[in-house]
Amino acid sequence: MQTVHTLDVLRKQIANLRDAGKGRPATIALVPTMGALHEGHLTLVRRAREHCDHVVTSIFVNPTQFGPNEDLDAYPRDLESDAALLERDGCTVLWAPSVSEMYPQGPANFVTNLTIKGISEGLCGAARPGHFDGVLTVVCKLFNQVRPDMAFFGEKDWQQLALIRTMTRDLDLVQPPAEAVIGVATVRESDGLAMSSRNRYLSREDRTKAGNLPRLMKQAIAAIEAGGNVADTLGTLETELVAAGFASVDYAVLADAATLAPLARLNGQAARLLVAARIGSARLIDNMAVGT
């Protein structure tokens with residue numbers, strides 16, 4: 001595995017990889033991350049290896065997607081350990097640019113911004129204004145830098161995945177095209193908690209309590225699928241999460257899986273239950289399929 005820190009070297013390395021294909025250009029997969037890698041990220045790398053000749057994994061803690069009171073400075077960083085894990089699991093190139101490499105004029109002076117109306121405005125978009133603008137802009141930059149044939153994202157960040165697919169389709173991107181933006185099922189701990197780099201923020205006591213999130217979500221899904229009133233079920237879910245030790249619930253929403261429009265009842269379409277809740281110093285998000 002080669003670790004690359006500058007864009008000119010990255011582009012040369014990718015060109016060399018494509019030219020080395022046997023009788024055809026080699027295929028490239030991209031796995032964008034912010035580092036602090038766990039089994040969820042590594043599952044994406046392994047899945048990408050199943051589909052493409054080479055995997056490029058990016059590690060970049062993107063300042064433009066963090067709000068003024070969020071955890072940019074405290075976000076866990078361990079490039080050396082991350083690199084060892086990626087090499088073990090078959091990554092070909094680790095793209096680890098500096099902030100100045102990604103934003104030569106400085107993040108505060110970067111004037112281009114991508115916004116998708118509607119789908120970005122609720123859920124995490126309501127709690128974190130500007131967050132998804134930063135996500136979409138940096139992912140678009142990564143797509144243009146790497147020009148992958150496929151890109152892999154975890155389904156835990158369902159709203160993010162929906163937005164990236166929308167951006168790719170609406171901007172007519174071809175590397176990757178929208179159908180090659182692949183969502184991979186959420187990887188979970190033994191108690192069902194979705195793996196996340198922010199789980200490191202949890203104390204031992206809060207980590208034990210956090211396992212109630214997937215358990216209570218499954219109970220709510222069972223009630224909805226049995227015909228229970230959606231609003232009442234979601235209200236009960238929020239109450240039970242607080243009783244289980246969560247400080248607050250940002251949202252608990254039944255939504256159309258594609259548009260993320262809130263649903264008052266199941267009507268046969270693909271749906272997701274999406275939840276964001278705070279415990280200790282962590283804000284945990286999760287989502288699960290409903291009615292499928």
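The values are calculated or read from the model by the stated rules, or taken from the named source; none is laboratory data. Remember, predicted model here, so these are calculated numbers, not experimental data. Ideal geometry is used to build each Cβ from the backbone, glycine not excepted, and the neighbour counts take in all protein chains shown.
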| query | Does residue 191 satisfy being of a type in the set (Asp, Glu) and either within 24 Å of residue 66 (Cα to Cα) or not assigned by TED's automatic domain parsing to the domain that holds residue 112 (or both)? | reply | yes
| task | Determine the pairs where a residue that is in the same structural domain as residue 225 (by TED's automatic domain parsing), located within the stretch 257-269, has a partner that is aromatic (Phe, Trp, Tyr) and surrounded by 11 or more Cβ atoms within 10 Å (Cβ to Cβ) with Cβ atoms under 9 Å apart, the partner being 6 or more residues away or on another chain. | result | 257/158; 260/158
| message | Here are the criteria: (1) surrounded by fewer than 19 Cβ atoms within 10 Å (Cβ to Cβ); (2) touching a residue at least 40 places away in the same chain (Cβ under 8 Å); (3) within 24 Å of residue 40 (Cα to Cα); (4) in contact with a Leu (Cβ under 9 Å, 6 or more places away or on another chain). Tell me which single one residue 192 does not satisfy. | response | (2)
| query | Which residues, taken from the stretch 117-143, are modelled with pLDDT of 95 or more and in a loop (DSSP other than H, G, I, E, B)? | reply | 123
| remark: With criteria (1) touching a Leu at 6+ places or on another chain (Cβ under 6 Å); (2) under 29 Å from residue 258 (Cβ atoms), residue 234 comes up short on (1)
| query | Considering the stretch 1-26 alone, what residues qualify as being more than 17 Å from residue 148 (Cα to Cα) and loosely packed, with under 12 Cβ neighbours inside 10 Å? | reply | 22, 23
| message | Given the criteria polar (S, T, N, Q), surrounded by fewer than 17 Cβ atoms within 10 Å (Cβ to Cβ) and either touching a residue at least 24 places away in the same chain (Cβ under 8 Å) or more than 18 Å from residue 134 (Cα to Cα) (or both), does residue 98 qualify? | response | yes
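Pick from 268, 291, 245: which is at pLDDT below 95, over 21 Å from residue 160 (Cβ atoms) and touching a strand residue (DSSP E or B) at 6+ places or on another chain (Cβ under 7 Å)?
Values: 268 fails: touching a strand residue (DSSP E or B) at 6+ places or on another chain (Cβ under 7 Å); 245 fails: at pLDDT below 95.
When all the criteria are applied, what remains is 291.
Looking at the stretch 15-36, can you tell me whether even one residue there is of a type in the set (A, V, I, L, M), in the same structural domain as residue 132 (by TED's automatic domain parsing), assigned to a loop (DSSP other than H, G, I, E, B) and over 21 Å from the mean Cα position of the chain (by Cα)? Lay out the reasoning, then the answer.
Filtering the stretch 15-36 down to residues of a type in the set (A, V, I, L, M) leaves 15, 17, 20, 26, 28-31, 34, 36.
Filter once more, so that each one left must be in the same structural domain as residue 132 (by TED's automatic domain parsing): 15, 17, 20, 26, 28-31, 34, 36.
Now drop any that are not assigned to a loop (DSSP other than H, G, I, E, B), which leaves 20, 26, 34, 36.
Keeping just the survivors that are over 21 Å from the mean Cα position of the chain (by Cα) gives 20, 26.
Yes.
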| Hey, residue 208 within 30 Å of residue 242 (Cα to Cα), part of a loop (DSSP other than H, G, I, E, B) and either among the polar types (S, T, N, Q) or touching a helix residue (DSSP H, G or I) at 6+ places or on another chain (Cβ under 6 Å) (or both) or not | no
